[in-house]
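The values are calculated or read from the model by the stated rules, or taken from the named source; none is laboratory data. The shown structure was predicted, so the numbers you read here are calculated from the model rather than taken from an experiment. Neighbour counts run over all protein chains shown; Cβ positions are idealised from the backbone, glycine included. In case anyone asks, the SASA skips ligands and DNA or RNA and just uses the protein heavy atoms, side chains included. Shrake-Rupley method; radii C 1.70, N 1.55, O 1.52, S 1.80 Å.
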Amino acid sequence: MKLTVLSLGIGFTFSCIPAIDRIPKSTTQSDKELDGASPLITDTNATDSSTLSKNAKKPPLPAPVPSPTPVPSPTPVPSPTPVPSPTPVPSPTPVPSLTPVPSPTPVPSPVPLPGGRAASIPIGIENVNDSPLKDGDYAALLRFVPTANITIERFYFGFKIRGANCWDPGNAGYGAGDGGLVHGSLVNIDPISGLPTTEIASETVNGCVRHNNAKAELGGTTLPVLVWVNTPATLQGGHMYGLVIKNVDANPSQNFFSFNMPLADTTLAGPHARNELDSNAMGGIMSLDPREHVAWSENNGNSWQYGSLNGQYRSYMNNFDHAHPATRIPLYGFRLSNGEKLGGQPYYAYNSDCIGCTVAFANVRYQRTFSELGGFTASGSNVGLLTITNTTTGAQSNCTPAQGYGFRKCTLTVPITVDVGQSYTISATGSVEIMKMDYSQRFLFPQVGTANGELRAYQPTPASGTSAKDVPSLWAGPLSAFFSLTTEN
């Protein structure tokens with residue numbers, strides 16, 4: 001048996017192959033081999049019994065349809081590496097509910113310190129001194145704080161013109177010529193800087209003319225220690241204001257007057273010796289608001305000097321005690337629009353002492369418990385035993401300060417309480433300074449030194465050479481029974 005292998009491909013034809021004996025299909029390759037073999041094995045003895053003769057020429061077989069170019073199997077995409085299942089996150093341990101935090105206990109607002117006018121002692125001056133305004137650039141500032149709302153028509157201030165034509169001409173240095181031109185300007189005070197700002201009212205008047213006006217008001221024979229300028233205004237209690245005094249005469253060195261104020265030890269004057277702006281400051285004297293003071297300018301008010309520099313020349317306690325420089329302290333009052341006169345700070349002093357004296361404080365406005373007493377001496381003399389008596393209840397206590405200069409204080413063996421409307425006295429067995437109310441002040445401010453006046457201190461039995469309204473320098477503390485704390489307003 002002979003097999004001819006035909007290769008199938010494009011452009012190839014079959015050739016005639018001699019007949020060979022048929023090989024039974026069953027003895028040759030399996031159907032699977034014939035159906036799927038790539039080389040084709042043909043039976044060369046096969047004939048068509050109906051049409052083909054042994055020698056007849058076979059028609060050509062149709063050209064085989066070439067198999068399509070095999071499409072390469074796509075490169076197998078590797079199966080992704082299995083992502084391991086995430087490790088289960090354990091459920092968080094339940095957070096226990098927070099125990100409620102109690103609201104903080106409210107912290108009470110701090111109680112204001114007991115300062116201001118209520119902590120200001122009612123004494124503190126020792127003498128009086130002048131500041132001649134004999135230069136056009138000089139100016140004096142009296143800064144003050146009304147205790148209540150008031151409407152005024154006049155402002156009174158300390159003044160002296162002796163040596164001018166109208167009082168003892170040429171024989172003193174407090175005034176000269178025709179007394180110059182007094183210019184008084186009532187001004188607002190900036191609460192931040194403490195300096196004068198806008199003018200409220202003013203008056204300009206000849207010095208001798210105003211001196212004679214004041215003398216006439218006193219009856220024509222008594223020399224005045226205060227004069228006024230007409231400055232009608234409504235003032236608010238608790239607010240700072242100022243009175244600026246200048247000599248605007250064309251020839252001030254030949255025609256001038258003096259601005260006259262009482263003196264206190266600069267150290268003991270506390271807030272009044274500086275530009276104090278805190279209404280609650282400690283250390284006040286003369287029952288003044290701590291913001292009240294006197295200032296001095298030598299450049300027409302462009303800048304101001306305080307304390308020991310607040311005048312035309314330096315002053316000292318006991319006249320020439322250079323160990324104790326002095327500060328000028330406000331002296332002032334008002335005439336109200338209804339004609340009533342009101343003393344703001346009406347006291348002078350003349351370097352004089354009072355020995356074995358007693359002062360009464362009448363009809364107190366606020367309940368107070370006194371735990372200390374004090375007396376003021378500029379000479380260093382012993383103030384002695386101090387005794388306080390509630391004259392309404394008879395309760396009494398005493399103590400003895402150490403000897404020395406200044407404000408001598410001691411603690412009471414038993415505190416003494418006074419209620420509203422009650423009165424008390426303080427006495428000293430030793431020597432203390434005495435504050436003066438001359439006739440001029442007593443005439444202008446008649447309610448001072450009475451049970452219903454603006455200031456209620458007096459002598460029940462006046463010491464020799466003094467008047468009942470002259471006040472020995474004694475006090476009880478730590479707080480005044482006549483002026484309120486912030487919390488009592």
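Listing for the model above:
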read-out	value
Carbon and sulfur %, accessible surface of the range 240-298 computed with the full protein complex present, 1.4 Å	44 percent
Relative contact order [Cα under 8 Å, 6+ residues apart], the range 203-293, whole percent	17 percent
Pairwise label distance in nanometres, Asn363 with Asp190, each label 7 Å out on the Cα-Cβ vector	4.3 nm
Per-pair calculated FRET efficiency, R0 = 45 Å: Asn319 and Ala451 via Cβ, rounded to 0.05	0.80
Accessible surface, 1.4 Å probe, highest first, among residues Asp249, Asp265, Asp419	Asp419, Asp249, Asp265
Qualifying trypsin sites (Lys or Arg not before Pro) in the range 335-427, DSSP loop, other Cβ atoms within 10 Å at most 15	Arg365
Where trypsin sites (Lys or Arg not before Pro) fall in DSSP loop in the range 232-333, at most 13 other Cβ within 10 Å	Arg314
Simple label model, 7 Å out from Cα along Cβ direction - Val420 to Asn149, nm	2.1 nm
Within the accessible area of the range 445-484 (1.4 Å probe), percent carbon and sulfur	56 percent
Model label zone, Leu223; criterion: amide N under 20 Å from point 7 Å along Cα-to-beta-carbon; scope the range 463-477	466-467
Alpha-carbon centroids, the range 416-444 and the range 468-489: separation in whole Å	10 Å
For q = 0.16, 0.26 Å⁻¹, Debye-computed log10 I/I(0) when each Cα of the range 409-470 counts as one equal scatterer	-0.68, -1.23
Amide H contacts of Gln422 (H built 1.01 Å from N, under 5 Å, at least 5 apart or other chain)	Val364
